[in-house]
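These notes concern the structure reproduced below.
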Amino acid sequence: MKYKTYTDGDGMNTEVEEKIKKLGFTLPELPKALGSYLPCIVSGTLAFISGVIPVKDGKVLTGKFGKELTTDDAKEIGKAVVLSILSNIKSAIGTLDKIERVLKIEGFVNSTADFKEQPAVLNEVSNLIVEIFGEKGKHSRIAIGVNSLPLGAAIEVSVIIEIKKTSR
């Protein structure tokens, strides 16, 4: 997967992208959708981000929590998902500075039937979102255990955000 630094069009990184850079992260290029759907739909001041799976260096991070994966593995997996989600949002609205608030995160955790730590896995996603966006990153959330995900992905996450009214 190729990486690039995003700018607001005049060559200057925006505030949120600067924060991401200071945290040591780079947004990946937006991957192509694997089906007949859009990665992000904007309706009014809401953006709905389709399910995103973790990809690092062009490879899907796979595995099942409670079998090959433990909650300790969730940090790297969560980081990969968040960065891809932010790329989806940026592609749809132009700049992450237009995010008014992260409203909801829906997380699906590929896990064994006896694994009970889905919320701990999704905490890694939530924690990074809050680290990047502060108070406006605090959101409602659901963490669901499932027995399989596309391409064997470890997690899949969708997000709903509110966009600043002045951005339209």
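The modelled label-to-label distance between residue 45 and residue 120, using points 7 Å beyond Cα along the C-beta direction, is 3.9 nm. Gain on full extension, evaluated as 0.36 nm per residue between residue 75 and residue 59 minus their Cα-Cα distance, stands at 4.1 nm. On full extension, the segment bounded by residue 146 and residue 127 gains 4.7 nm, given 0.36 nm per residue less the C-alpha separation. Taking amide H as placed 1.01 Å from N in the peptide plane, residue 104 has its amide H under 5 Å from the amide H of 140, 160, each at least 5 places away in sequence or on another chain.
The count of lysine pairs in the range 10-95 with alpha-carbon distances below 15 Å, taking only pairs 8 or more places apart or on different chains, stands at 12. In the chain, Cα pairs under 8 Å separated by at least six residues give a relative contact order of 30 percent. This ranking places 17, 29 by how few other beta-carbon atoms lie within 10 Å of each, fewest first, which gives 29, 17.
Based on Cβ point charges of +1 for Lys and Arg and -1 for Asp and Glu, what charge dipole magnitude is obtained for the chain about its Cα centre, in debye rounded to the nearest 20? Mind showing how you got there, number by number?
On the way: 23 positive and 21 negative charges, 60 e Å.
That gives a dipole near 280 debye.
Based on DSSP H segments of at least four residues, each scored -39500 (n - 2.57), the chain has a per-residue ellipticity at 222 nm of -8500 deg cm²/dmol. Highest mobility in the GNM of the chain, judged by mean-square fluctuation with C-alpha springs under 10 Å and restricted to 91, 36, 148, is found for 36.
Of all DSSP-defined beta bridges confined to the chain, some 70% are antiparallel rather than parallel. The 3J(HN,Hα) values that the Karplus relation (6.51, -1.76, 1.60; θ = phi - 60°) gives for the range 153-164 are, in residue order, 4, 6, 9, 9, 10, 10, 9, 10, 10, 9, 9, 4 Hz. Gly and Pro appear as x. Rounded to the nearest Hz, the phi-derived 3J(HN,Hα) couplings of the range 123-138 under the Karplus curve 6.51 cos²θ - 1.76 cosθ + 1.60 (θ = phi - 60°) are 4, 5, 5, 4, 4, 5, 4, 5, 4, 6, 9, x, 4, 6, x, 6, where x marks glycine and proline.
All of the numbers you see were taken from the coordinates with simple rules; none came from a lab. The model shown is predicted, which means the values in this text are computed figures rather than measured ones. Heads up, the Cβs are rebuilt from the backbone with ideal geometry, glycines too, and the neighbour counts pull from every protein chain shown.
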